[in-house]
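The structure appears below as structure tokens.
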Amino acid sequence: MMLELLISGLLILIKLVLIFGVVLGLAAYLVLAERKILGRMQMRPGPNRTGPFGLIQPLADLIKLLSKEDFMPADADKLVYLFAPGLTALVALLTFAVVPFSPPLHIFGRELPMVVCDLNVGVLYFLAFSSLAVYGVVLGGWASGSKYALIGSIRALSQLVSYELAMGLAIAPVIMAARSFSLTDIVMAQSQLPFILTQPLGFLIFVVCIFAESKRTPFDMPEAENEIVAGFHTEYSGMRFGLFFVGEYINLVILGSMTTVFFLGGWHGPLLPPIVWFAGKALFVAFVFIWVRGSQPRLRYDQLMNIGWKVLLPLGLLNLLVTGAALLWMNG
């Protein structure tokens, strides 16, 4: 019994280390990919000096952030100011605990689930941690003692409240169709047909909401540089700014993974190994984020609020009612 518990604990630890390593590596190279793609779209070279094809640029960025002066504003709330960036990155990393990357592997006669913790309420875990992520932003902006940072944090909070409701309504029909809150069960329910085909409206609502959740163009109001300097992280420098930066790109990987789980069929696909399908779909969603950033203008703040409350929320409710009626008719 003790040996079984020891082996289980060791396997969980190995999966955690692997996931953290892969996710942090992906976040670093997503920064490079974004700079390269945006450079190509804007007819200019991206990073191409540090290493072959600029591949060591993420390491150079890390060294630069670590060597920069780490100052603290005189009016800052010191404890909260120091704590907020770490909270943002930590919450983003913890969300990966419930993401299923592939079906279970069979090793030495044991079944090894390819998920750190296969919770039967994985959807609620994701929604809870996506809500917690804004606390780092809000606390960081408030504790900085700057009016620009405070405005950015308030914008982030109101943006989250507006779009979290619509995102929950977009996911609810998926839960109804899969008859489970487990992310693994939701992926298994798409073995024949991905939910993007049966829930196209829910998919569109979800995609708009995750753009708002990530605080990226065209919903980057919390850090609109032509209005509030850099928003919530205006007063941060060095590695504390780096933690906010890393948290944003980890969040990009998370949102790509969740879109894959909820609507793109997860690891399902022909010919290639399941983990390759999952990674390819998640990275494609991340590419769409970068593509939109390079091609779309920022919305006005009133437009952002109107879309969330007057468009997405009614459409989400309508989609929920139609899905419920359709499932009731099919089961009847």
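Bear in mind that the values in this text are calculations on the coordinates, not laboratory data. Note that the structure is predicted; figures quoted are calculated from it, not measured. Counting neighbours? That spans all protein chains shown, and the Cβs are built from the backbone with ideal geometry, glycine included.
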**Message:** What number do you get for the range 241-288 when its Cα radius of gyration is normalised by 2.2 N^0.38 Å, N = residues?
**Reply:** 1.26
**Request:** Mind checking which aspartates and glutamates have their Cα closer than 20 Å to the Cα of Lys215? Skip sequence neighbours fewer than 8 apart in that chain.
**Result:** Glu34, Glu164, Glu223, Glu225, Glu227, Glu235, Glu248, Asp302
**Message:** I need the Kirkwood Rh of the range 92-131: take the reciprocal of the average 1/r across all distinct C-alpha pairs and report it in angstrom.
**Reply:** 11.0 Å
**Prompt:** For the chain, what is the mean residue ellipticity at 222 nm derived from helices alone (per DSSP H run of n ≥ 4: -39500 (n - 2.57); sum divided by total residues; nearest 500 deg cm²/dmol)?
**Reply:** -22500 deg cm²/dmol
**Request:** Relative to the compact-globule scaling 2.2 N^0.38 Å, provide the ratio for the alpha-carbon radius of gyration of the chain.
**Result:** 1.04
**Request:** Evaluate the relative contact order of the chain (contact order divided by residue number), counting alpha-carbon pairs under 8 angstrom at least 6 apart; express in whole percent.
**Result:** 23 percent
**Request:** Check cross-link reach from Lys15 to the lysines: straight Cα distance under 27 Å, and skip same-chain residues fewer than eight apart.
**Result:** Lys281
**Request:** Over all directions, average the projected area of the Cα convex hull of the range 220-332 and note it in nm².
**Result:** 10.8 nm²
**Message:** What are the extents of the Cα atoms of the range 171-216 along their three principal axes, in Å, largest first?
**Reply:** 32, 20, 15
**Prompt:** If you take the beta carbon distance between Val161 and Leu204 as r and set R0 to 30 Å, what does 1/(1 + (r/R0)^6) give as a FRET efficiency, to the nearest 0.05?
**Reply:** 0.90
**Message:** What lysines does Lys78 reach when the alpha-carbon gap must be under 20 Å and sequence neighbours fewer than 8 apart in one chain are set aside?
**Reply:** Lys68, Lys147
**Message:** Using the Kirkwood radius over C-alpha pairs as Rh, can you work out the diffusion coefficient of the range 35-130 via Stokes-Einstein at 10 °C, viscosity 1.306 mPa s, in µm² per second?
**Reply:** 88 µm²/s
**Prompt:** Dipole of the chain (Lys/Arg Cβ +1, Asp/Glu Cβ -1, origin at the Cα centre): which of Tyr29, Ala170, Phe262 lies farthest to the positive side?
**Reply:** Tyr29
**Estimated inter-spin distance, Ser67 and Val322, nm [label 7 Å along Cα→Cβ]** = 5.7 nm
